[in-house]
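Quick notes on the structure that follows.
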Amino acid sequence: MTSFRISFCCTNTDPEPWLAGLRTAFPQAEVEVWQPGVPPADYAVVWAPPQPFFDEQPQLKGVFNIGAGVDALTKLRLPSNAVVVRLEDAGMAVQMAEYVCQGAIRHFRDLNAYADDVRAGQWTFYKPRQRRDFPVGILGLGVLGARVAQALQHFEFPVNGWSRSPKALDGVRGFSGAAQFHDFLASSRVLVNLLPLTPETANILNRETLGRLQPGGYVINVARGAHLVDEDLLALLNSGHLGGALLDVFRTEPLPAEHPFWQHPKITITPHTSARTLRSESIAQIAAKMGAMQRGEVLTGVVDVGRGY
Ligand code: NAP
Ligand code: GLV
């Protein structure tokens, strides 16, 4: 393979192990961290790069995002001929499945209430609840949503799924498009958000939509903070319509110290950690796709930038 250049521009990421992995995969390539003024590259490996990165590199052929969500890219002006490729699973799907299952199970089994009681020195029992009364609705049945749907079924929860186009997944009651959105919400008590953040899905978790969930609903947001209208969630928790929420993602990260989510008794937060990018799996996937692109082969995981995911 002829020589080519890879530019690395990932915020909050130690570059050295990534550079080493990419150099091992492509010994003939020049791989370096982007700084203003470095020679233009053929391919980019990025996470939330600044606009000047793309402004200096209109010649890029491929932009490889080291995460599944590309909302930090689609808001930028991208080189017109670059193919944008996102991670597909790369070890994230199993992490997401375990995170969502533990959240749904903690809620269903009253484990947070048991933990509070034990801390207070109380030996109490709660009435067992019926699994059939806890249908879980998954917003987004893509790579991660489909895996989560499969995992929840192992615990015998009824599972609903909502996607843009109709999907037939084993054991999942499928809903699609705007026309079936309200039926999907009314059929769900636990709501898991695994949608990409796009102009169509921003603020989708709001007073009107969450108000349609079955009473005592539980919200698990593992996609993006801008899907959720924070004050609407708080209002529905405080009114008692919602029973709780598990939030991994926030409009501003880190979550500001004064934000009410930190202290709310019905909210559990984690610091955007439900499905982490795993370096070696991700380098292997990116290297395989970069190689395929070099050979002119068709890739999966190519982002439709106009659609936003
Ligand atoms: P994906 O494979 O692209 O799946 C996206 C799903 O959302 C698809 O089923 C798609 O429907 C559906 N969708 C998109 N727009 C829609 C709309 N307007 N109406 C209804 N359905 C719509 O994405 P993924 O790999 O599963 O990742 C999903 C998201 O998870 C990422 O975008 C990212 O924000 C988030 N994420 C979070 C973490 C974390 O640590 N918290 C880690 C990784 C990813 P179609 O199937 O019909 O296209
Ligand atoms: C993480 O949030 C990702 O999109 O991979």
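So, restricting to helices (runs of 4 or more DSSP H) that lie completely within the stretch 2-78, which ones have at least 2 residues that are open to solvent by less than 20 Å² (accessible area, probe 1.4 Å)? Filter on the stretch 2-78 gives 15-25, 51-55.
Keeping to the stretch 162-199, report how many residues are over 20 Å from Leu246 (Cβ atoms), among the hydrophobic types (A, V, I, L, M, F, W, C) and not in a loop (DSSP other than H, G, I, E, B). Total meeting the criteria: 6. Taken over the stretch 224-240, the criterion of being open to solvent by 10 Å² or more (accessible area, probe 1.4 Å) and closer than 23 Å to Leu141 by Cα is satisfied by Arg224, Ala226, Val229. Residues that are open to solvent by 20 Å² or more (accessible area, probe 1.4 Å) and closer than 21 Å to Leu152 by Cβ: does the stretch 112-121 have at least one? Yes, because at least one residue in the stretch 112-121 is open to solvent by 20 Å² or more (accessible area, probe 1.4 Å) and closer than 21 Å to Leu152 by Cβ.
For the stretch 261-283, a residue qualifies if it is away from ligand 1 (no atom under 16 Å from the Cβ), of a type outside the set (Ser, Thr, Tyr) and within 30 Å of Val63 (Cβ to Cβ), and exactly one does: Ile283.
Within the set Pro260, Pro265, the sole residue that is over 22 Å from the mean Cα position of the chain (by Cα), touching a residue at least 12 places away in the same chain (Cβ under 8 Å), more than 16 Å from ligand 2 (Cβ to nearest atom) and not assigned by TED's automatic domain parsing to the domain that holds Leu19 turns out to be Pro260. Take the conditions within 16 Å of ligand 2 (Cβ to nearest atom) and farther than 22 Å from Leu141 by Cα and apply them to Phe64. Does it pass? Here the answer is yes, as Phe64 does meet what is asked. Scanning the stretch 242-257 for residues that are under 15 Å from the mean Cα position of the chain (by Cα) and away from ligand 2 (no atom under 12 Å from the Cβ) turns up Leu246, Leu247, Arg251. Within the stretch 127-152, restricting attention to residues that are part of a loop (DSSP other than H, G, I, E, B) and over 21 Å from Leu213 (Cβ atoms), which residue is most open to solvent (accessible area, probe 1.4 Å)? In this case the residue turns out to be Lys127. Close Cβ contacts (under 7 Å, 6 or more residues apart or on different chains) running from residues in the stretch 202-213 that are under 11 Å from Asp230 (Cα atoms) to residues that are surrounded by fewer than 19 Cβ atoms within 10 Å (Cβ to Cβ) comprise Asn206/Asp232; Arg207/Asp232; Arg207/Ala235.
For Arg212, indicate whether it is closer than 21 Å to Ser163 by Cβ, within 14 Å of ligand 2 (Cβ to nearest atom) and either touching a strand residue (DSSP E or B) at 6+ places or on another chain (Cβ under 8 Å) or open to solvent by 30 Å² or more (accessible area, probe 1.4 Å) (or both). It is false that Arg212 is closer than 21 Å to Ser163 by Cβ, within 14 Å of ligand 2 (Cβ to nearest atom) and either touching a strand residue (DSSP E or B) at 6+ places or on another chain (Cβ under 8 Å) or open to solvent by 30 Å² or more (accessible area, probe 1.4 Å) (or both). Within the stretch 79-97, the set of residues being open to solvent by 30 Å² or more (accessible area, probe 1.4 Å) and more than 21 Å from Leu195 (Cβ to Cβ) comprises Ser80, Asn81, Val83.
The values are calculated or read from the model by the stated rules, or taken from the named source; none is laboratory data. Since this is a predicted model, take the numbers as computed values, not measurements. Here the Cβ is made from the backbone with ideal geometry for all residues, glycine too, and neighbour counts use every protein chain on show. Side chains included, ligands, DNA and RNA excluded: accessible areas come from the protein's heavy atoms. Shrake-Rupley method; radii C 1.70, N 1.55, O 1.52, S 1.80 Å.
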